[in-house]
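Q: Below: one structure in structure tokens.
What follows draws every value from the coordinates through simple rules; no lab data is involved. Source: prediction; values computed, not measured. Ideal geometry is used to build each Cβ from the backbone, glycine not excepted, and the neighbour counts take in all protein chains shown.
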């Protein structure tokens, strides 16, 4: 009976509900962030339900419909609302399926960077000394190279492909999470609650990941959101250079690469993937701004 009561108390914890209400209040104050969230949720729905929403197979080639313009332009067809590409593949279907690849890249890259960066940053900030020096010098070396150039070199070593591109981008993004986590841990580890937990007999692992880390998550969440959009951009750039997703994968950067020769003659083949990248990255960045406003106490207005 007592266990059920405790569970009920946790589920209706007024302080937790108050924190959520406060978070939503400051987040919703930023109209751009709300618009970005709505667009992002629409993109997630497109990615999840792509097989049911897309009118055609994204890799199917219709030889009788090569470079058909969008339906509102002269020569357009109702069966291909956004036209077709140079080998007769439906643009709308490829853009919808491309949402899947872009969000997948963003999730995997951000997760890998966040987990690895947090682990290294917590260790560096907590133990300091030579451990901190070694970790941070390695991060400084990575940051010394332009991010896209380093990702390109890593993909060239690992081999072209979407998986290797994600690994390379995750490695390039990791120093940002390491430095941010280290700074937050160094600021928190001298607080009274950490000293009290240490006096109570908490071990290093518990102090690092149970006591200190939860109080460092706000800036990391904001950084993860911004890195999500950067990962989509970098993956598209690698795809455009032929080192990311390989044809006929309906990935937006790869679609741009395949359409380069038609930039002046068939605008929709180049413009539509570019607009998809623009809207997705803009929506995520707007959402990141709202998260910063809601999670950073310095930006909260009384």
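Q: So what is the relative contact order for segment 136-257, in percent, with contacts set as C-alpha pairs under 8 Å and at least six apart?
A: The value is 30 percent.
Q: Let me ask you something else. So for the chain, averaging the separation of alpha carbon pairs under 8 Å that are six or more residues apart and normalising by length, what relative contact order in percent results?
A: Values: 429 pairs, mean separation 75.0, N = 302.
Reported relative contact order: 25 percent.
Q: Per 0.36 nm of contour for each residue apart, how much would the distance between residue 262 and residue 48 grow if the chain were fully extended, relative to their Cα-Cα spacing?
A: Here the answer is 74.0 nm.
Q: Along Cα→Cβ, 7 Å out, is where each label goes; now give me the distance between the ones at residue 206 and residue 144 in nm to one decimal.
A: So the two model labels end up 4.2 nm from each other.
Q: Sticking with this structure for a sec: Would you kindly state how much longer the chain becomes between residue 241 and residue 271 on full extension, computed as 0.36 nm times their sequence separation minus their alpha carbon distance, in nm to one decimal?
A: Between residue 241 and residue 271, full extension yields 9.1 nm more.
Q: Here is a further query. Given axes a ≥ b ≥ c from the Cα gyration tensor, I'd like to know whether segment 145-222 is rounded (a/c under 1.5), prolate (a/b larger than b/c) or oblate.
A: Prolate, because a/c is 1.5 or more and a/b exceeds b/c.
Q: Based on the inverse mean of 1/r over its pairs of different Cα atoms, what is the Kirkwood hydrodynamic radius of segment 211-295, in Å? Display every interim value, and only then the final one.
A: Details: mean 1/r = 0.0696 Å⁻¹.
For segment 211-295, inverting the mean 1/r across all distinct Cα pairs yields 14.4 Å.
Q: Calculated from DSSP H runs of 4 or more alone, at -39500 (n - 2.57) each and per residue, what is the 222 nm mean residue ellipticity of the chain, nearest 500? List each step's numbers first, then the result.
A: Working: 12 runs with 207 residues, N = 302.
Using -39500 (n - 2.57) per qualifying helix, the result is -23000 deg cm²/dmol.
Q: Now, a different point. How would 19, 128, 63 line up from fewest to most surrounding beta-carbon atoms within 10 angstrom?
A: Starting with the residue having the fewest Cβ neighbours, the order is 63, 19, 128.
Q: Based on the mean of other beta carbon atoms within 10 Å per residue, what is the order of 252-260, 208-216, 184-192, most packed first?
A: Top to bottom by mean Cβ count within 10 Å: 252-260, 208-216, 184-192.
Q: Once you place label points 7 Å from the Cα toward the Cβ at residue 215 and residue 111, how far apart are they in nm?
A: About 3.0 nm, to one decimal.
Q: Tilt of helix 267-295 relative to the longest C-alpha principal axis of the chain, in degrees (0 to 90, nearest 10)?
A: On a 0 to 90 degree scale, this one is about 20.
Q: Over the Cα atoms of segment 12-58, what Rg and Dmax result, in angstrom?
A: Rg then Dmax for segment 12-58, in Å: 16.5, 49.
Q: I need the shape label for segment 46-90. Rule: rounded when a/c is under 1.5, else prolate if a/b > b/c, else oblate, with a, b, c from the alpha carbon gyration tensor.
A: Oblate shape, in that a/c is at least 1.5 and b/c is the bigger or equal ratio.
Q: Is the shape of segment 244-288 rounded, prolate or oblate, going by the alpha carbon gyration tensor and its root eigenvalues a ≥ b ≥ c, with a/c under 1.5 for rounded and a/b larger than b/c for prolate?
A: Oblate, since a/c reaches 1.5 and b/c is not below a/b.
Q: Next up: Taking 0.36 nm per residue of separation and subtracting the Cα-Cα distance, what length does fully extending residue 127 through residue 60 add?
A: The residue 127-residue 60 span can extend by a further 18.5 nm.
Q: Something else now. Once you keep just the Cα pairs under 8 angstrom separated by 6 or more residues, what percentage relative contact order results for segment 1-147? Intermediate values should be presented prior to the final figure.
A: Values: 117 pairs, mean separation 23.0, N = 147.
About 16 percent, as a whole number.
Q: Report, in degrees rounded to the nearest 10, the 0 to 90 angle that the Cα long axis of helix 31-48 makes with the longest principal axis of the chain.
A: Helix 31-48 and the main axis of the chain meet at about 60 degrees.
Q: Bin by bin, in steps of 10 Å, what percent of the Cα pairs in segment 89-169 do you find, going until the bin that has the longest distance?
A: Taking all Cα pairs of segment 89-169, the binned fractions are 16, 34, 32, 13, 5, 1 percent.
Q: Kirkwood Rh, Cα Rg: Rg to Rh for the chain?
A: 1.07
Q: Can you give the angle from 0 to 90° between the axis of helix 91-127 and the longest principal axis of the chain, with both taken from C-alpha atoms, to the nearest 10?
A: Taking the Cα atoms of the chain, the angle to 91-127 is about 20 degrees.
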